[in-house]
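The values are calculated or read from the model by the stated rules, or taken from the named source; none is laboratory data. Here the structure is a predicted model, which means the values were calculated and not measured. Cβ sites come from the backbone with ideal geometry, for glycine too, and all protein chains shown count toward neighbours.
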Amino acid sequence: MGSLLEKINSPDDIKLLNNQQLEQLSKEIREFLIENVSRTGGHLASNLGVVELTLALHKVFNSPTDKIIWDVGHQTYVHKIITGRKDKFGTLRQIDGIAGFPRTSESEHDCFNTGHSSTSISAALGFARARDIRKENYSVVAVVGDGALTGGMAFEALNDAGRSPNNLIVILNDNEMSITRNVGGLSRYLSKIRTQPFYHKAKEDFDVFLNKIPAIGKSAAKALDMAKGTIKYIIMPSIIFEELGFTYLGPIDGHNILELCTVLSRAKFLKGPVLIHVCTQKGKGYTFAEKRPQEFHGISPFQIDTGELKENGVTTFSHVFGRKISQLAEEHREIVAISAAMTQSTGLEPFSKKFPERFFDVGIAEQHAVTLAAGMAKNGMKPVVAIYSSFLQRAYDQILHDVALQNLHVIFAIDRAGVVGEDGETHQGLYDLSYLSHIPNISILAPCDYSELEEMIEYAVLRHEGPIAVRYPKGKGNDKLFETDPVKYGKGLLLREGKDLTIAAVGIMVETALEVAEMLDGLGYSAEVINPRFVKPIDEKLILDSVSKTGKLIAIEDNSIKGGFGSSILEIVNRHDIKCLVRIFGFPDEPITHGSRNELLKKFGLDAESIKSKILPDL
């Protein structure tokens, strides 16, 4: 660790450094980030891009009195390093370690929990309005990326803030990326500003010119002031942020600490809402991350000298999904794929290259993605919407109102379902079964292995009618746990016969159910194992036939217990007035922290050994 970084334990230490020292500190922080993230994994490219911006923020503003709210929050590693968490950085995203996102319980400098995109401006405006109502005096800063700005909520907040008298600073961190390269009209618009930065300087020069003119009467002064405002239409039509009511500053070099500090200091004393357009490079200072920023957005442990993953070439559920949907699209031209800024991570990159005219990356706009799919389905296409479980919940109303109530054939490929591990509570996919199960007309499938995922995707796209979701976990799984029959609507599979206990498990938890059954075999108990395949509709006959024989049932799911698969089983048993013992194994009604998948399963009693121990007293 460099000598300067060793002395940084709080933002106050930053304020003592001169510009040359801050530049040296930037280099040391980048080395520190690369070294640590190479061991723990995490969000590297985005953090390398905001080193100077973070240092400038903490030099100019006084956290925690001044509030700095980070959008998404995956780019707060530098912020964490200089706010007293440097020595804990080796525990990043590990169980009982520091989180990969802002967490108010972790530090007073994290003033708002974030993990999803496009929320920071709304939260910052809330802080600013509360501050002014309480007649307090501090600055409020929202740091939002150009990727996050593609989310509709960000525009809702800009629209509200622009008409507001409240002092508020929005920093637009423009690196031309979200996770993958940004898309759409806004991206082109920001690119136009980046390539024509003379607008702001020309307007400033005209301000100086006006101020030098002697008093020449109110009417002439008013006319000149109006003339000043028309410059933006001559040089660059419609600077959208100024039209919304913001004072626009920029674009400025996000890696020039002196320029950053100068502009931030100026913005601190401006009245009303201010937007500072900062241009940065994602992955700055590490060649591999600069060249492959999307791969180094959220990365597993890697080799520093080569940039290669320490576990390379591992097949995942996302890869299998992407491969299968591309195969189906070769023969069926009505298949289209939609991503919300997650082309590579959802496995859709091969599809996007092979069928560019049938692939649509809408940016970080899950609501739009779903209703776009509804419109395409209504007009005869077969849209496949691939979105993470925790992000799809942002489009709940669109799933219900625009897709399900019209009974449209939209296929939801729900990636990262279940516990996702190191990204923590904002990213756990533990709620999709609960928020989808009560929606009318929708069907829900959960594969236990790669082979079953392929079968379910083919069924969902080609043989089903109406809305349907296929939910599968993050990371790697098994190729084929057992021989299976083709998918039939609402039908599950009896994998193992038994007489003492019925075990029904969802998706990837089927493997755990089989492990539990084998453990019980060794203790003299016989367990029947069911793979329901469909979480909605559940194969009631298969469940009831089994329970009537065993008299005991446990449901295992990687979902919240409330409103999940086990709850549906209880409803079935109650509706048929079956007298039997039912126990549900899932995640409790509380935020689920970060940690590896196996650690979290064990912590919450969802590993095979824990389940076996808990059910033994009932046998």
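Observations, loosely collected:
- Each residue in segment 524-537 was checked for being touching a residue at least 12 places away in the same chain (Cβ under 8 Å) and over 30 Å from the mean Cα position of the chain (by Cα), and 6 of them qualify.
- Verdict on VAL72 being assigned by TED's automatic domain parsing to the domain that holds GLN281, in a loop (DSSP other than H, G, I, E, B), under 20 Å from the mean Cα position of the chain (by Cα) and surrounded by 24 or more Cβ atoms within 10 Å (Cβ to Cβ): yes
- Filter result (over 15 Å from PRO383 (Cβ atoms) and either at pLDDT 95 or above or assigned by TED's automatic domain parsing to the domain that holds THR119 (or both)) within segment 346-364: GLY347, GLU349, PRO350, LYS353, LYS354, PRO356
- Under the condition of being surrounded by fewer than 17 Cβ atoms within 10 Å (Cβ to Cβ) and more than 38 Å from the chain's Cα centre (by Cα), the residues counted in segment 508-523 number 3.
- Those helices (runs of 4 or more DSSP H) lying entirely in segment 272-367 with at least 2 residues among the aromatic types (Phe, Trp, Tyr), in contact (Cβ under 8 Å) with a residue 24 or more places away in the chain and surrounded by 19 or more Cβ atoms within 10 Å (Cβ to Cβ): 317-331
- VAL506 touching a helix residue (DSSP H, G or I) at 6+ places or on another chain (Cβ under 8 Å), of a type in the set (A, V, I, L, M) and modelled with pLDDT of 95 or more: yes
- ASP160, sole failed condition from (1) crowded, with 19+ Cβ neighbours inside 10 Å; (2) of a type in the set (Asp, Glu); (3) at pLDDT 95 or above; (4) more than 30 Å from ASP13 (Cβ to Cβ): (1)
- Candidate set from segment 401-440 (those that are out of contact with any Pro (no Cβ under 8 Å at 6 or more places or on another chain) and in a helix (DSSP H, G or I)); member that is surrounded by the fewest Cβ atoms within 10 Å (Cβ to Cβ): HIS401
- Segment 3-27, residues that are within 15 Å of LYS80 (Cα to Cα) and part of a helix (DSSP H, G or I): LEU5, GLU6, PRO11, ASP12, ASP13, ILE14, LEU25, SER26
- Any chance SER117 is assigned by TED's automatic domain parsing to the domain that holds VAL274, on the phi < 0 side of the Ramachandran plot and part of a helix (DSSP H, G or I): no
- Selection within segment 568-579 - surrounded by 15 or more Cβ atoms within 10 Å (Cβ to Cβ) and either without any contact (Cβ under 8 Å) to a residue 60 or more places away in the chain or in contact with a Lys or Arg (Cβ under 8 Å, 6 or more places away or on another chain) (or both): SER568, ILE572, VAL573, ILE578
- For the residues ILE171, ILE95, the requirement of being surrounded by fewer than 19 Cβ atoms within 10 Å (Cβ to Cβ) and of a type outside the set (Ser, Thr, Tyr) singles out ILE95.
- Condition check for ASP449 on (1) touching a Leu at 6+ places or on another chain (Cβ under 7 Å); (2) buried (at least 24 other Cβ atoms within 10 Å of the Cβ): one failure, at (2).
- Selection of segment 99-114 for residues being farther than 13 Å from ILE68 by Cα and either buried (at least 19 other Cβ atoms within 10 Å of the Cβ) or outside the structural domain of ASP174 (by TED's automatic domain parsing) (or both) yields ALA99, GLY100, PHE101.
So that you can scan it fast, the table gives a plain yes or no per residue for (1) farther than 25 Å from ILE578 by Cβ; (2) aliphatic (A, V, I, L, M):
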{"residue": "TYR450", "(1), (2)": "yes, no"}
{"residue": "GLU455", "(1), (2)": "yes, no"}
{"residue": "VAL461", "(1), (2)": "yes, yes"}
{"residue": "TYR489", "(1), (2)": "no, no"}
{"residue": "LEU494", "(1), (2)": "no, yes"}
{"residue": "ALA504", "(1), (2)": "no, yes"}
{"residue": "ASN531", "(1), (2)": "no, no"}
{"residue": "SER546", "(1), (2)": "no, no"}
{"residue": "GLY551", "(1), (2)": "no, no"}
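- Filtered residues of segment 138-152 (kept if modelled with pLDDT under 95 and either within 23 Å of LEU264 (Cβ to Cβ) or in contact with a helix residue (DSSP H, G or I) (Cβ under 7 Å, 6 or more places away or on another chain) (or both)): GLY145, ASP146, GLY147, ALA148, LEU149, THR150, GLY152
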